[in-house]
1. Find the centroid of the Cα atoms in region 119-157 and in region 435-486, then give the distance between the two in whole Å.
2. Which far-off residues, 5 or more places away or on another chain, put their amide H under 5 Å from the one on Ala612, with H placed in the peptide plane?
3. How charged is the neighbourhood of Val728? Take every other residue with its Cβ under 10 Å from the Cβ of Val728, and add Lys/Arg as +1 and Asp/Glu as -1.
4. Which of the peptides 825-834, 157-166 is most tightly packed, and how do the rest follow, judged by the mean count of other Cβ atoms within 10 Å per residue?
5. Using θ = phi - 60° and the Karplus relation 6.51 cos²θ - 1.76 cosθ + 1.60, list the HN-Hα couplings for region 439-449 in order, rounded to whole Hz, with x at every Gly or Pro.
6. Taking amide H atoms as placed 1.01 Å from N in the peptide plane, list the residues 5 or more away in sequence, or in a different chain, whose amide H sits under 5 Å from that of Glu824.
7. Once region 555-610 is represented by equal point scatterers at the alpha-carbon sites, with solvent omitted, what log10 I(q)/I(0) does the Debye formula produce at q = 0.17, 0.19, 0.22, 0.28 Å⁻¹?
8. For region 633-741, what relative contact order do you get, as a whole percent, if you take Cα pairs closer than 8 Å and at least 6 residues apart?
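Here, each number is a calculation from the coordinates, and none is a lab measurement. Quick caveat, the model's predicted, so the values are computed rather than measured. All Cβ positions, even for glycine, are placed from backbone atoms using ideal geometry, and neighbour counts span all protein chains on display.
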Amino acid sequence: MYFNRFPALSSLPSVEALAWDSRILGRVGQPEGGKSNESACYQVYASGQAAVARRYRIDAADGNRSRKPLTSHVLVGPASVLTFETALVVSTGTRPSSPLPTEQPGAPRLPVIDGAGLAALVPVLIPDLDRGSAVQDGLQAVVAAALAKPYTPLTIGIPDSFIGKSLRDGVQASLLWGLYRTAGPVLGQAGRGWSFSTYEPPLGKEDPSSLPAIVFRQAQEASAAVSASGWRREIRVSPLDSDALGGGTLYDSMIDFAGRLVAEYQQRGGDELRQFILASCGGERLAPGRISKVERALLAKAPKRAAARPPSQDLQGSASADAQAASSGSGAPSVTHQLATAGRDGYVAGGNQYNDSHITNNTYQNGEQSSDAVAFEVRNASEGATLLAELARADKTLDRARRVFRDVATDVVASALRVLLGRDEHDLVIALLAAVHETKAKALVDALGPDGAEVGQLLVVFEAVTQCENKVHKALGERDGWFQRATSGRGTPGFLRRYANGAIYWTPEHGALATTGEIAQCHGEQGGSAGRLGFPVAPAVSGKHPRTETECTWQLFEGPDDYGPEACGYLEVQCGATVVSSQKYGTYAMWGAVGELAELGWRDRDWMGVPAGKMTGVGPSSRVNEAGTSGWRQRFQAGLIYSSAKAGAFRVPRRWAEYFEGRGGVLGSTGFPVGPALDAAKSPQGTAGWYQRFEGAWDYPDDVINPWAEESCGATIYHSNQHGPHTVERGNGALYERLKGTASWLGFPISDEVEVLEGGTGRTVQHFEGGAIFYAPEYDSLPVRREVLDYLAEGPYRDDLLGFPVRAAEQLASGETSYVQVFERGIVLVRDGLVLAWDDPA
């Protein structure tokens, strides 16, 4: 027993009680902020255990009705004993009248309840439960919603007047039991499961991952907007609303079928209906197939109809029959009139005639075949083809068009399909053939003969897609939309079937392959098979990145172009794109040169790791006197990859990726990388580090580039642990490279090039370990050694007495350590380490 969401009494030992406490704490205690005084929650856990909590408010012992403690009685045990049926019976039992646990500080432990005895209560109560549920208002709408999206959590909105009632007097238990007895056998082991809560607050107030599969909410809250963190995919129904069975709902396609099921439930009872449904389903496991078979069986048991009337007599005929009945004095309206007035409520009370009055042309069913089929039979092939197209487009699930296929002779349907093929309605024909049983589809393809050559391949496709669906149906969810042709951006032909959580694609080369979950979403955002990624070419695989040990899932796709032979050889399939999904970094696609480099890095246990951002187009770069370069950029665990048609793809390591981006990335003066990151020569000062060549604003002269035997470039980023990353570019870069870069007396850069305001515009200085490079437009880039800078640091340069160097230092005959350098307003002489300076007052 829980009091205010903390265990007060238990039949379990304290250790076991605490273990259960953490598991069920979020589901006990009446949800606060609502109008419900009593509710129940039933959950089944992956461990095979289950729990049912009866949640209510008890008036305080002192009579203060404003203080209502939140209390729960909870039963836990094996799910094989604590079943849905048992949980519902327990939930509707009489509320315990025992005092509050806190008023019994010395109370003994609660008794253990015998599971067999509890289960024995269920058969006794089933007849009463069936009788009440079969006539419960709103049951047809709830069943329709549950079957329309069988894998999606179900939210049932009911008015406040029912929320406030006890479970014995409310509608929740009747709707749950009726749903279980009608839709339960149809879904079998498929679908959302049967955990439930008879009252929950709006989405966003509880962790959606902990919610049961079926929940009741206040009607006005059932469709309330929620934040992304509190959202979950749900199908919602307000069964007691006046328009619950109207058109335009998400479950519209199942309303008629639900009406048949409820009518059979009323006539047969739950046990006999279950036997009928299980016999109809055979060995079918998937929800769509089971629904189709049960629907076919329900149609087959309907009484034989009289000879078909032409559609033109539909309304006129009923009026005439009514007139005849009136004149004969019988006073009884015709069967057709009864059907017409039954609306969307399904079966007519007291009979088996089923109403489908909402369909095209106001034709009504009268017997075994649907009115659509009746209308179809009396039309020629051209008119029949038009009717098929209208029915299919009116209901994207193709449910009504499929009924025509089922109820009308193969040769009659084949004639209409030929007309559709002649009208270039190939996609519709494919979708129609995919909507019927494979035996019927084969018969139709055979009946089409040479006219069906283009769709003859479908039988192989259907089989492959079905096999794939059987393997991953839990991850895919329910079917969503038509089976259709698909073509990739590279022109590869194939087929596509969409599902709630993914899709199955078929191509001649790779067969049927599924995309699911985050990878499917990413693929869809890129345009699906018609987009940049194209068709999947291999199933998804889960594992770890060999260098970073990051858990991830990846799937290979066709891509805009194939990766090179080396990458395809490693991947063992011709492909040009990859989607990688990791819980830590997200799900992202990569393709082209970026994807190829990442795949080869994966092979070589490279430190770049998995993608951590979207691949985006960047550029053009800033080039002087010529068009800039454009390309792609993508972030990875350990840096960035940039690619361009000019130079290919290269990594920018994390050590200087942020610095590079801070300088404007490829849009800045550095441009695209044109070479890999390499070890730099150790400086005379003993510093080690790395460097990477970049495009730059303009290319270095040939005498600078040729010794490297690399792509043309105009900038380099140097990095050392002591000084961090710095860019050497333009005139400074050409001078620095001629001096042998980090191996020269300048060593590693310790600053970027910084503008100097004194002395005119365009002047800069950049500091290195061994000195500095000064740049002025009139003198170009000139180096000055550290010993000179140190000597002048406290005087001439700070006061700008000597100005900029005008020439490079000139060596004296007295030795290598002796030189003179001329500045704008003076001279510096260095001899054997002694530095002297003269300024020119003029």
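1. Region 119-157 and region 435-486 have Cα centres spaced 33 Å from each other.
2. Arg635, Phe636, Gln637
3. -3
4. 157-166, 825-834
5. Once θ is set to phi - 60°, the couplings for region 439-449 become 5, 5, 4, 4, 4, 5, 4, 5, 5, 5, x Hz.
6. So Glu824 has HN proximity to Phe804, Val806.
7. -0.48, -0.59, -0.79, -1.18
8. On the way: 199 pairs, mean separation 21.3, N = 109.
Relative contact order comes out at 20 percent.
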